[in-house]
Amino acid sequence: MPHKGKAMKIAALLYLNVLFILFCLIAPGCVKQPNQTSRFAADSGESLKLTNALMSDQTYLGKSPRTLGDFAFAADLTQNQIIAKWGQPDGTRGSGISYKAYALGNGQEVWVSFLPDSACHIYRVILVSDEGNPVVIYPTSESDPHRTSH
């Protein structure tokens, strides 16, 4: 029976290796690659390519393609209103702050984070170009002068 203990150790090591690999697959960018300037830019570009390939027919569940003009991004907009119009998000983005990502018909993505209030009002909205360049589109200084947009 001395082989049983050795087999258990090998099985445990294999299990830990599988967990590490799964973690890295689930959390891309957990290991910094050479010449990687920022996790934000690297992850967004790769995820945009995949999402755009999946939505290349320009339709979403039989609906018209999503456009930025579908919403007036304002403090009273909620997560349920966005889901009612655009459906479930295409994925989750961000590092630190979780954003729900929605692919638009033009190849861009809209990333939305929500407040932890009961209605899940929007907190921040970022438009990401198909090259991975982010621009905060909500809040703006006009929409709420007390909030910063960084």
When region 67-77 is checked residue by residue, the ones that are surrounded by 17 or more Cβ atoms within 10 Å (Cβ to Cβ) and either more than 21 Å from T140 (Cβ to Cβ) or in contact (Cβ under 8 Å) with a residue 40 or more places away in the chain (or both) are F73, L77
Of all residues in region 128-150 being surrounded by 15 or more Cβ atoms within 10 Å (Cβ to Cβ), modelled with pLDDT of 65 or more and among the hydroxyl-bearing types (S, T, Y), the one that is farthest from G91 (Cα to Cα):
Y138
What are the residue pairs meeting all of these: first residue in region 121-135, first residue in the same structural domain as G105 (by TED's automatic domain parsing), second residue part of a strand (DSSP E or B) and acidic (D, E), Cβ atoms under 6 Å, and 6 or more apart or on different chains?
V128/E109
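Scanning for something over 15 Å from the mean Cα position of the chain (by Cα) and either among the polar types (S, T, N, Q) or within 16 Å of S64 (Cα to Cα) (or both), does region 93-104 turn up at least one residue?
No, region 93-104 has no match at all.
The values are calculated or read from the model by the stated rules, or taken from the named source; none is laboratory data. Here the structure is a predicted model, which is why all the values come from computation and not from measurement. We place every Cβ from the backbone using ideal geometry, glycine too, and count neighbours over all the protein chains shown.
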